[in-house]
Amino acid sequence: MQMLCHFGYTEMNAGGNSMIMADVMIAYKAEAFYGDILSVKIYAEEISGNTFSLLYYISTIRGENTVVIAHAKTGMVCYDYDTRKIVPMTAELNTFLHSGDNGSR
């Protein structure tokens, strides 16, 4: 949500598309502790006509070392909440996802 907001989008209007999460996978790599400052990098992949995946790389710095906390992936679908149907991705959202300007937030 913060990434979308950063670029002037919302879950209900990202380049003319609404989105719904279809699935999520999380691989925990290390513990996170209260007080850790987490860095989250987000990348778009597997972009198709009406779906895409968001990949998350979550880490923190402890001492002088980067500690990977988790890797995650959400499967996103372009969705019309009024008709309750999957819809094609708009050209604007497709361009945004392919731009590379959507990651590392």
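The values are calculated or read from the model by the stated rules, or taken from the named source; none is laboratory data. Note that this is a predicted model, so its numbers are computed, not measured. With ideal geometry, Cβ positions are generated from the backbone for all residues, glycine too; neighbour counts draw on all protein chains shown.
Table for the structure above
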read-out	value
Set Thr60, Thr66: member being farther than 15 Å from Leu97 by Cα and touching an Asp or Glu at 6+ places or on another chain (Cβ under 7 Å)	Thr60
Those residues of segment 15-69 which are outside any strand (DSSP E or B) and of a type in the set (Val, Ile, Thr), in sequence order	Ile37, Ile47
Filtered residues of segment 5-21 (kept if within 15 Å of Lys85 (Cα to Cα) and either crowded, with 16+ Cβ neighbours inside 10 Å or under 13 Å from the mean Cα position of the chain (by Cα) (or both))	Asn17, Ser18, Met19, Ile20, Met21
Residue ID - nearest to the chain's Cα centre (by Cα), chosen from residues in segment 78-105 that are modelled with pLDDT of 90 or more and in a loop (DSSP other than H, G, I, E, B)	Met89
